[in-house]
Amino acid sequence: MILERVFQEGKPYLKDRTIRDLRIGLELLALQLDDGSLGVTYVLKNELEHSCGASPFSGKYIGMSALELAEQIFHKPNVLSTALAIAALNAVAPPISDDLLQKEGNRDAVFSVDVNEEDTVGVVGHIGPVIRRLKNHPGDMHIFERDLSKGDNLKSENKQATLLPQCDVVFVTGATIINGSLENVLSLCTKAREIVLVGSSAPIYPKAFTGSGVTVLAGTRWLPENGQEILTGVSQSAGMQQLIKYGKKLSLSVPKF
């Protein structure tokens, strides 16, 4: 299980940290630890369980151990507890070694791999920046989305089993690790030479993805000096387009061994 490997890699860095602040908005959540480090992930509000609001930690998150928070993925797994865990894990993620950080480490995900004209491209999730940059791609492009109201020419999730095996390059939203669909998606990418996990919800722990098929993590490190702007923005329903200026995009190569 990829998420468990991410947890095990991040566990030593979580041990002495506590939650200083937590904001849960309509689209995003932001978590700040006692040392000022931050993590931001998506809130999959359409996938929240009916009882999710009745968290036993509601009103008690501030001062809570970051390790205890992250461990809830094993005790009470749901899209909210997983999003909180990933936010905490990304907040404490250690510096990336130079051999894994791509030369232009802050570039957008679509530039982190080569997409040839003849390539069939798959996009799992409505990843706006990727879709916009590839809108003139001459080859076939399949965009899969659970919520078909998000755009035009979207394909339902049940088409993945047929079409993903045809794709040469696949971009996958990091939200798939929150809702538990990532490993099924990866199992269908049998032809892909490049699989890029994209977005703030992508855990920035490259070694945890070795052997998974993922070749690049295109995530975000949130800058502590912008902590108040990030927290206030999420509290006031900011979306990623408004918030991304307070972070730094990273493109990380996943080691093969």
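A single member of Ile204, Ile195, Ile177 is buried (at least 18 other Cβ atoms within 10 Å of the Cβ), under 20 Å from Ile2 (Cβ atoms), free of Cβ contacts under 8 Å to residues at least 40 places away in the same chain and outside the structural domain of Leu29 (by TED's automatic domain parsing), and it is Ile195. On the stretch given as region 130-164, residues that are exposed (fewer than 15 other Cβ atoms within 10 Å of the Cβ) and β-branched (Val, Ile, Thr) total 1. With the checklist (1) surrounded by fewer than 20 Cβ atoms within 10 Å (Cβ to Cβ); (2) closer than 24 Å to Ala30 by Cα; (3) under 17 Å from the mean Cα position of the chain (by Cα) in hand, flag the one item Thr210 doesn't pass. The single condition Thr210 does not satisfy is (2).
Note on region 1-42: residues that are among the basic types (Lys, Arg) and in contact with a Ser or Thr (Cβ under 7 Å, 6 or more places away or on another chain) total 1. Is at least one residue of region 19-33 part of a strand (DSSP E or B), within 19 Å of Trp222 (Cβ to Cβ), at pLDDT 95 or above and polar (S, T, N, Q)? Within region 19-33 (the criterion being part of a strand (DSSP E or B), within 19 Å of Trp222 (Cβ to Cβ), at pLDDT 95 or above and polar (S, T, N, Q)), the answer is yes, since at least one residue qualifies. Beta carbons closer than 7 Å, at least 6 apart along the sequence or on distinct chains, pair a first residue in region 56-77 that is more than 16 Å from Ala91 (Cβ to Cβ) with a second that is among the aliphatic types (A, V, I, L, M) and surrounded by 12 or more Cβ atoms within 10 Å (Cβ to Cβ) for Phe57/Met64.
If you go through region 245-256 and keep only what is outside any loop (DSSP other than H, G, I, E, B) and either in contact with a Gly (Cβ under 6 Å, 6 or more places away or on another chain) or over 15 Å from Ser200 (Cα atoms) (or both), you end up with Leu250, Ser251, Ser253.
You will find that of Val234, Val216, the residue that is crowded, with 21+ Cβ neighbours inside 10 Å and more than 23 Å from Gln32 (Cα to Cα) is Val216 and no other.
The values are calculated or read from the model by the stated rules, or taken from the named source; none is laboratory data. All figures in this text were calculated on a predicted structure; none of them were measured in a lab. Positions of Cβ are generated from backbone atoms using ideal geometry, with glycine treated the same way; all protein chains shown enter the neighbour counts.
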